[in-house]
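Below is one structure, written out as structure tokens, with a few remarks after it.
Any read-out appearing in this document is the output of simple, stated calculations on the displayed coordinates, not a laboratory observation. Here the structure is a predicted model, which is why all the values come from computation and not from measurement. So basically every Cβ, Gly included, is an ideal-geometry build from the backbone, and we count neighbours across all protein chains shown.
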Amino acid sequence: MRVVRSVAELQAWSDRIRCEGRRVALVPTMGALHQGHLSLVEVAAQRADRVVVSIFVNPTQFGPGEDFEIYPRDLEGDCEKLRRSPCDLVFAPPVDEMYPGGAATWVDVDGLTEGLCGRDRPGHFRGVTTVVSRLLHAAKPHVAVFGEKDYQQLAVLRRMARDLLMDVQIVGAPIVREPDGLAMSSRNENLSRDERLQARALFAALGEARRLVAAGELRAPALIDAVRRRIGKEPLARIEYVELVHADSLQPVAEMLDRALLAVAVRFERTRLIDNTLLEAPRCSAPC
């Protein structure tokens, strides 16, 4: 497994692999790797001959007062984990390699970025789409793999790739969870012991919503209220949002008619956690 730090090195490597007629996959990360990230590498290896993992804590997707400075960083530990995975090359650039001369050119996706996390984190998705577009140009992959935990991000990146005619397939991979249901996240490392215990409420609340849907409850206010009440039992949890949106457009829905995304964002002091579940309205077994 190689580690490169310059865009020129990465592009040269990718060009060589492509000239050999082999497929390249990219897994963009911000490091502090866990089993969720490694599952993305496995998905990438199933879809390509060579796998690149980028490790770059992107400053442009963090807003004022967010956790850029305390975001966990462990390049040596990350590389050790990746050596035991199907990763072929690690791209770990410095900031000035990804933003030579500063950040003057941006990629914006309208519509999909305005709700959910976009409402409370202005500029966040502009930073995400900009850095991912740069990574795609640097790695020249046939496929790029992202986790479904960041469902809105996945939808935004698919739209970006489609609108900009990018010759890359954007693939989503399932959420990987801890044994108690908490979605794996690099930010989990920043939780205190009490916060970590109370963070289990996110998965429990989504489970309550799934049970309500299975019992026939399809109204958004009822589902949202159930999730809020469950998370609200935890004294350290501060709910940022609980929303039920259409699975494709990400627009709020008043009632489930087909597939919908139930998404939550919760803060524990400076640690912000997100989670989601896809819900589907039960089909009628007899003519409705």
Euclidean distance of C-alpha centroids, the stretch 128-160 and the stretch 55-96, integer Å: 16 Å
Loop-located GluC sites (Glu not before Pro) in the stretch 152-245 whose Cβ has at most 15 other Cβ within 10 Å (DSSP): Glu217
Karplus-derived HN-Hα couplings along the stretch 171-182 (A = 6.51, B = -1.76, C = 1.60, θ = phi - 60°), whole Hz, x at Gly and Pro: 10, x, 10, x, 5, 9, 10, 5, x, 8, x, 4
Gained length - Leu197 relative to Arg84, 0.36 nm times residue gap less alpha-carbon distance: 37.7 nm
Nearest-ten-degree value, helix 201-214 long axis tilted from longest Cα axis of the chain: 60 degrees
Ranked list, fewest to most other Cβ atoms within 10 Å of each Cβ, for Met30, Met1: Met1, Met30
Spatially proximal aspartates and glutamates relative to Lys140 (Cα-Cα < 18 Å; intrachain offsets below 8 disregarded): Glu9, Asp15, Glu20, Asp49, Asp88, Glu97, Asp163, Asp167
Choice from Arg177, Arg84, Arg47 showing the highest fluctuation, given a GNM over the chain with Cα pairs closer than 10 Å: Arg84
Hull shadow area, averaged, the stretch 186-278 [alpha-carbon convex hull, nm²]: 5.8 nm²
Computed helical MRE - 222 nm, the chain, DSSP H runs ≥ 4 contributing -39500 (n - 2.57), nearest 500: -11000 deg cm²/dmol
In degrees, nearest ten, helix 151-163 long axis to first principal axis of the chain (Cα): 50 degrees
Under-5 Å amide H pairs with Val3, H placed in peptide plane, nonlocal only: Val90
Cβ-derived FRET efficiency at R0 35 Å, Glu42 paired with Glu76, nearest 0.05: 0.95
Farthest toward positive dipole pole in the chain [+1 Lys/Arg, -1 Asp/Glu at C-beta], among Val107, Gly21, Leu223: Gly21
Pairwise FRET efficiency - Asp167 versus Cys19, Cβ, R0 = 22 Å, nearest 0.05: 0.90
Length added when fully stretched, Phe68-Trp106, from 0.36 nm per residue minus Cα-Cα: 11.7 nm
Residue of Lys81, Lys233, Lys140 that the Gaussian network model of the chain assigns the largest fluctuation, springs spanning Cα pairs under 10 Å: Lys233
Three-way shape label, the stretch 2-173, alpha-carbon gyration tensor, a/c 1.5: rounded
